[in-house]
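Below is one structure; the comments refer to it alone.
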Protein chains: 2
Amino acid sequence: MAKKILIVEDDQDIVDLLKYNLEKEGFKCYSASNGAEAVGVAMNKEPDLIILDIMMPELDGIETCRVIKSKPKLHDTFVIFLTARAEEYSEIAGFEAGADDYITKPVKPRVLISRIKAILSRKKDQHSISKIQHGDLVIDRDTFKVSIQNKHFTLPKKEFELLFLLASKPDKVFRRESILSKVWGTDVSVVDRTIDVHIRKIREKVGDEKIKTIKGVGYKFVL
Amino acid sequence: MAKKILIVEDDQDIVDLLKYNLEKEGFKCYSASNGAEAVGVAMNKEPDLIILDIMMPELDGIETCRVIKSKPKLHDTFVIFLTARAEEYSEIAGFEAGADDYITKPVKPRVLISRIKAILSRKKDQHSISKIQHGDLVIDRDTFKVSIQNKHFTLPKKEFELLFLLASKPDKVFRRESILSKVWGTDVSVVDRTIDVHIRKIREKVGDEKIKTIKGVGYKFVL
DNA sequence: TGTCAAAGTTAACAGAATGTTAACAGGATT
DNA sequence: AATCCTGTTAACATTCTGTTAACTTTGACA
């Protein structure tokens with residue numbers, strides 16, 4: 001299946017150039033001309049990678065990147081910054097904001113493509129684990145299905161993400177702050193009691209014994 | 001052990017808003033209305049985190065940040081910048097000056113608080129070895145498990161921290177004051193007897209022989 | 001050996017942290 | 001439009017840690 005790439009850039013000429021070259025390489029392309037639009041498209045299309053111009057009116061690239069990275073759904077999306085050479089320290093701020101790479105203008109399509117391929121191949125090695133299987137527990141990201149002890153169910157998204165996180169490292173204690181930032185993202189403002197409620201709902205389904213509370217710290221999943 | 005936060009902002013309304021919300025969350029707040037004052041208060045109170053408005057007369061936020069970061073005593077203090085959206089690339093200069101995060105005005109208290117908590121929790125994660133293993137003793141921060149001589153248990157937080165500290169250097173004598181500041185923090189006021197009680201509880205679990213008292217000095221963990 | 005500060009011990013308490021339930025808003029679906 | 005479902009918050013209940021106080025024991029030193 002073709003990898004999806006979102007190009008965010010206000011200069012239509014550059015968009016066209018990139019689009020042409022990327023599609024020739026078999027990528028599926030989307031584009032947006034400003035930060036706000038970019039976030040919308042990203043949420044909608046869930047691209048594998050986003051090419052983000054730093055210089056943009058309104059919501060600039062860095063801020064956009066931050067917003068994107070704060071969405072749990074897009075947390076693993078790769079981001080490449082496009083930057084004019086003059087903008088000296090942009091890469092510093094960019095990496096801080098969670099960028100995976102940056103490329104200086106003028107863009108040479110060949111360079112861009114080789115960088116993109118390099119980055120996308122990282123993904124294979126790293127995360128994108130879509131299935132967890134420990135003992136009688138099976139959690140499948142693709143189908144959002146969970147089965148444990150002959151019980152099967154599909155969890156709502158947030159519950160699923162939370163369980164997936166905990167079960168990704170059985171026995172490891174995840175502290176509440178860490179859970180919040182990983183499942184809910186850093187920018188959201190949810191009361192931390194929200195975690196308890198979700199834990200409650202998960203416990204109702206997978207059984208109380210499976211999730212253990214470490215008071216003052218957080219929760220852990222046990223087999 | 002309330003974390004100390006210094007708010008540097010010339011608009012008194014914002015100071016009040018932030019102060020109100022932060023104190024509600026249990027933070028101890030100080031404030032300063034300009035850069036010079038900020039440095040003074042910072043040196044004096046040694047806050048854990050500083051919220052710094054970028055736009056200030058005289059010594060602006062970025063310059064103030066530099067000065068602060070140049071003081072060894074304050075080098076590890078976290079800094080969050082407050083910036084109006086209009087000041088486009090301020091964050092670049094800000095990060096360069098050593099900021100840890102920045103937030104755009106208007107400030108939403110909840111967002112601010114979740115960022116603050118995220119940042120403060122970073123510190124914890126950093127300088128902590130997560131596993132101690134000496135002979136038949138295993139203490140694992142990740143799982144909060146302690147096992148010794150075929151006995152396993154999960155300790156409450158304070159007991160865990162205390163045992164973890166002592167066991168981090170077997171045979172080393174930790175003086176009471178040192179234990180207090182490391183486990184309880186510097187700005188709390190707990191009665192001295194509290195340590196004994198915790199030692200007692202730990203001894204009940206790991207065995208009396210493991211923790212030895214050095215009268216007039218403190219305690220040490222022996223294998 | 002007697003004295004006194006330091007540490008041990010126990011129980012009781014307060015408050016923090018979490019559990020639990022219900023209600024509600026907003027989005028998706030029918 | 002009516003209904004369902006999710007995510008969130010609020011309100012209240014419950015559990016358990018951390019701390020204190022009061023009392024006892026230990027051990028160093030005169």
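Filtered by the rule that a residue be within 18 Å of A:Val107 (Cβ to Cβ), at pLDDT 80 or above and surrounded by fewer than 19 Cβ atoms within 10 Å (Cβ to Cβ), segment A:32-69 gives a lone residue, A:Ser33.
Screening B:Leu166, B:Leu155 for residues that are within 13 Å of B:Lys220 (Cα to Cα) and surrounded by 15 or more Cβ atoms within 10 Å (Cβ to Cβ) leaves exactly one candidate, B:Leu166. Scanning segment B:1-21 for residues that are out of contact with any helix residue (DSSP H, G or I) (no Cβ under 9 Å at 6 or more places or on another chain), assigned to a helix (DSSP H, G or I) and open to solvent by 20 Å² or more (accessible area, probe 1.4 Å) gives B:Gln12, B:Asp13, B:Ile14, B:Asp16, B:Lys19.
With B:Leu165, B:Leu223 as the choices, which residue is more than 14 Å from every other protein chain (Cβ to nearest Cβ), more than 13 Å from DNA strand D (Cβ to nearest atom) and in contact (Cβ under 8 Å) with a residue 60 or more places away in the chain?
Only one candidate passes the filter, namely B:Leu223.
If you go through segment B:169-205 and keep only what is open to solvent by less than 50 Å² (accessible area, probe 1.4 Å), closer than 21 Å to B:Leu137 by Cα and away from DNA strand C (no atom under 13 Å from the Cβ), you end up with B:Pro170, B:Val183. Taking each residue of segment B:201-218 that is under 16 Å from B:Lys157 (Cα atoms) and looking for partners that are modelled with pLDDT under 90 and not aliphatic (A, V, I, L, M) with beta-carbon atoms closer than 7 Å, six or more apart or interchain, yields B:Lys205/B:Phe153.
Output yes when any residue across segment B:176-193 is within 30 Å of A:Leu223 (Cα to Cα) and of a type in the set (Phe, Trp, Tyr), and no when none is. No, that holds for no residue.
The values are calculated or read from the model by the stated rules, or taken from the named source; none is laboratory data. Being a predicted model, the structure only gives us computed values, none of them experimental. Because the Cβ atoms are built from the backbone with ideal geometry, glycine has one as well, and the counts that use them run over all protein chains shown. For the accessible areas, the whole protein counts, side chains as well, though only heavy atoms, and no ligand, DNA or RNA atoms are used. Shrake-Rupley method; radii C 1.70, N 1.55, O 1.52, S 1.80 Å.
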